[in-house]
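Report on the structure given below.
Taken together, the values in this text are just the output of simple stated rules run on the coordinates, not laboratory data. Quick caveat: nothing in here was measured; it's all calculated off a predicted structure. Counting neighbours? That spans all protein chains shown, and the Cβs are built from the backbone with ideal geometry, glycine included.
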Amino acid sequence: MNNPSKFNKRVQWEEKRRRQNEEGHWIEEWTDSILGLSWVQIRNIRGNEFIMAGANQVKVSARINTRYRKDIEEKYYELGEKLRIRLGTRIFDIIYINNLEERNVEFEILVNEVR
């Protein structure tokens, strides 16, 4: 059982969407996702941890834990890199979402902070 008090930060889920501007040009922009807000725990990783993914190394700067939500899992598999997390002015690109022990209780999200 997870400790609810560890989820002490409120984050916004964001999606990259395409739209036409006033001049008719297609632009991509980040907007708030229908996933809304989540309470999370953010744990920074000392230095930068690199995860081996096949022949590639992936940079991970933090681990974010949150309660399991089926809609988050579905949206992640639908959008992939077009889904990210925002905490105030901090932006986190999602590297991988792990359903811990496949128990549908808690996610561990590997992220790279981009600003």
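Listed values for region 97-112 are Karplus-derived 3J(HN,Hα) couplings in whole Hz (6.51 cos²θ - 1.76 cosθ + 1.60, θ = phi - 60°), namely 10, 10, 7, 3, 6, 6, 9, 6, 10, 8, 9, 10, 10, 7, 9, 10, and x replaces Gly and Pro. Angle of helix 70-79 to the longest C-alpha principal axis of the chain, folded into 0 to 90 degrees and rounded to 10: 50°. The H on the amide N of Leu35, modeled in the peptide plane, is under 5 Å from the matching H of no residue at least 5 residues off or on a different chain.
Dipole magnitude for region 63-108: about 300 debye, using +1 per Lys or Arg Cβ and -1 per Asp or Glu Cβ, origin at the Cα centre.
Think of region 4-113 as having a plus end and a minus end, set by charges on the Cβ of Lys, Arg, Asp and Glu; of Ile94, Tyr68, Asn44, Asn44 sits farthest toward the positive end of this dipole.
Looking only at Ile64, Ile45, Ile95, which one moves most when the chain is put into a Gaussian network model with springs between Cα atoms under 10 Å? Maximum fluctuation in the GNM of the chain, among the listed residues, is at Ile45. Mean-square fluctuations from a GNM of the chain, with a 10 angstrom spring cutoff on Cα atoms, peak among Asp32, Asp93, Asp71 at Asp71.
Rounded to the nearest 500, the 222 nm mean residue ellipticity of the chain from helices alone is -2500 deg cm²/dmol, with -39,500 (n - 2.57) taken per DSSP H run of at least 4 residues. Other residues whose C-beta falls under 15 angstrom from the C-beta of Asn21 contribute a net charge of -1, scoring Lys and Arg +1 and Asp and Glu -1. A Gaussian network model of the chain, with springs between Cα atoms under 10 Å, assigns the largest mean-square fluctuation among Thr66, Thr89, Thr31 to Thr89.
Near Ile95, the amide H atoms lying under 5 Å from its own belong to Leu110, Val111, Asn112; only residues 5 or more places off or on other chains count, and H is placed 1.01 Å from N. Once the dipole of region 4-113 is set up with Lys and Arg at +1 and Asp and Glu at -1 on Cβ about the Cα centre, which of Ser5, Asn104, Ile85 lies farthest towards its positive end? The residue sitting most towards the positive pole is Ser5.
As a length-normalised measure over Cα pairs under 8 Å and 6 or more apart, the relative contact order of the chain settles at 25 percent. This model, with +1 at the C-beta of Lys and Arg and -1 at the C-beta of Asp and Glu, gives the chain a dipole about its Cα centre of some 500 debye.
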